[in-house]
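Asks: Mind having a look at this structure? Questions to follow.
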Amino acid sequence: MNAHHPVDADTWTVAGRTFRSRLIVGTGKYKSLEQNAAAVEASGAEIVTVAVRRVNVSDPNAPMLTDYIDPKRVTYLPNTAGCFTAEEAIRTLRLAREAGGWTLVKLEVLAEAKTLYPDMIETVRATELLAREGFEVMVYCTDDPIMARRCEDAGAVAVMPLGAPIGSGLGVQNPVTIRLIVEQAKVPVLIDAGVGTASDAAAAMELGCDGVLMNTAIAEAKDPILMARAMKAAVEAGRLAYRAGRMQKRRYADPSSPLAGLI
Amino acid sequence: MLQSMTTETETHSISVNGEHRRVPAGTTVAGLVQLIGFDPARVAVERNLAVVPRSTLGEVQVEDGDDYEIVHFVGGG
């Protein structure tokens, strides 16, 4: 809990790196690299997720992501999207470490294409192996408190439970278990995937999450740059509300004006 | 270019990102990356399933039958 911190010092720390922004954004699905860069700027994000893919041998002069989003200004968080086994994920991240020199990575080991649900048995196994190799692994996981704990025990530097399936925009489906994960975790908890609009991001933050990671909600908005701004505001609002501590819910009305002195 | 190679030039037959290629003998891994049009400082190279450290790209020689994966960062969620 950071409730004792002043507003302007409300930072969070993962694997020894401290950040002010609690919004991590993806860099996929944008219409252009220009739009992508403008959305990152508007979001205020200090970390972006990136994928590792073969260079296009037939088009070596194609513009590159690093030309538009400067890895010296924004932390690149390489992911393992599209990997379905621990071995594939580890192979990908070894290349990512060489390409960027970074050990902070996002692990996602998927079980199937239909749901893109994480395979938690492979995920925990990969987390263990990667941690042993010196990686600092932020782990995409199910919204299951027991699995989140297994990831942490395996060496995860952050646990990132899904709010809803990747790209679904359904919002946090399981606030009860997300809260349980937040309460027990000794590492940062970030909602990863499923956010659709600003209120979803605020709701995730009100549960006490340390941050939110999203891509499609911004990239597929009619105006991605405006939505990036909305998400920045929502994450900040949700965080402030969490720190402020919300009022108790009541079953019936309670007047705000005094009853005494009524004429 | 590669297609102008004469028969007496020794070449190595390799695979790059799943595609067959021939490169002159004596090519280094850094040379291979440049040959296909990329900056060795902006990619990562896997040779026969093992990552080639960037610091050695200019020293490691391409061998006949090598299998390369050359990757970089692209947009992703």
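Bear in mind these aren't lab numbers, they're just calculated from the coordinates by the rules spelled out. Source: prediction; values computed, not measured. Here the Cβ is made from the backbone with ideal geometry for all residues, glycine too, and neighbour counts use every protein chain on show.
Asks: Under the Karplus relation 6.51 cos²θ - 1.76 cosθ + 1.60, θ = phi - 60°, what is the ordered set of whole-Hz ³J(HN,Hα) values for region A:151-158, x standing for Gly and Pro?
Replies: For region A:151-158, the Karplus-derived couplings read 5, 4, 4, 6, x, 4, 8, 7 Hz, x marking Gly and Pro.
Asks: Let me ask something else about it. When the C-alpha atoms of region A:41-84 are aligned to their principal axes, what extent does each axis show, in angstrom, from largest down?
Replies: 34, 30, 17
Asks: To continue, here is another question. Please compute P(r) over all alpha-carbon pairs of region A:3-151, binned at 10 Å starting from zero, and give each bin as a whole-number percent.
Replies: 10, 35, 36, 16, 2, 0
Asks: Compare A:G44, A:G163, A:G16 in a GNM of chain A, Cα atoms joined below 10 Å, and give the one with the largest fluctuation.
Replies: A:G16
Asks: How long is region B:11-72 along each principal axis, judged by its Cα atoms, biggest number first, in Å?
Replies: 25, 21, 21
Asks: For the protein assembly as shown, what class follows from the C-alpha gyration tensor (a ≥ b ≥ c being the square roots of its eigenvalues): rounded when a/c is under 1.5, otherwise prolate if a/b is larger than b/c, else oblate?
Replies: Taking the square roots of the gyration eigenvalues as a ≥ b ≥ c, the protein assembly as shown is prolate.
Asks: For B:H12, B:H20, which order do you get if you count the other beta carbons within 10 Å of each Cβ and list the fewest first?
Replies: So the ranking, lowest neighbour count to highest, is B:H20, B:H12.
Asks: Sum -39500 (n - 2.57) across every DSSP H segment of at least 4 residues in chain B, then divide by the residue count to get the 222 nm mean residue ellipticity, nearest 500.
Replies: Calculated from helices alone, the mean residue ellipticity at 222 nm is -2500 deg cm²/dmol.
Asks: Which longest uninterrupted range of chain B lacks any GluC sites (Glu not before Pro) assigned by DSSP to a loop state (not H, G, I, E or B) and surrounded by at most 14 other Cβ atoms within 10 Å?
Replies: B:11-58
Asks: Which residues among region B:39-72 fall inside the zone where the amide N is under 17 Å from a point 7 Å beyond the Cα of B:E10, along Cα→Cβ?
Replies: Within reach of a label on B:E10, which here means backbone N under 17 Å from a point 7 Å along Cα→Cβ, region B:39-72 contributes B:60-66.
Asks: In region A:212-230, which residues have a backbone nitrogen under 17 Å from the label point lying 7 Å from A:Q35's Cα in the Cα-to-Cβ direction?
Replies: A:215-230
Asks: Considering only DSSP states other than H, G, I, E and B, which trypsin sites (Lys or Arg not before Pro) in region A:164-245 qualify as loop sites with at most 14 other Cβ atoms within 10 Å?
Replies: Of the trypsin sites (Lys or Arg not before Pro), the ones in loops of region A:164-245 whose Cβ has at most 14 other Cβ atoms within 10 Å are A:K186, A:K222.
Asks: Related question: Nearest 500 deg cm²/dmol is fine: what mean residue ellipticity at 222 nm does chain A get from its DSSP H runs of n ≥ 4 alone, each adding -39,500 (n - 2.57), divided by its residue count?
Replies: -11000 deg cm²/dmol
Asks: Between the DSSP loop rule and a limit of at most 16 other Cβ atoms within 10 Å, which GluC sites (Glu not before Pro) in region A:177-263 are left?
Replies: When the GluC sites (Glu not before Pro) of region A:177-263 are filtered for loop state and at most 16 Cβ neighbours within 10 Å, A:E220 remain.
Asks: Which residue, A:R97, A:R53, A:R251, tops the fluctuation ranking in a GNM of chain A built on C-alpha contacts under 10 Å?
Replies: A:R251
Asks: Quick one: helix A:33-43 against the long Cα principal axis of chain A, what's the angle to the nearest 10°, folded into 0 to 90?
Replies: Helix A:33-43 sits at roughly 30 degrees to that axis.
Asks: For chain A, what relative contact order do you get, as a whole percent, if you take Cα pairs closer than 8 Å and at least 6 residues apart?
Replies: Across chain A, relative contact order equals 18 percent.
Asks: A follow-up question, please. In percent, how large is the relative contact order of region B:11-72, given Cα pairs closer than 8 Å and 6 or more residues apart?
Replies: 46
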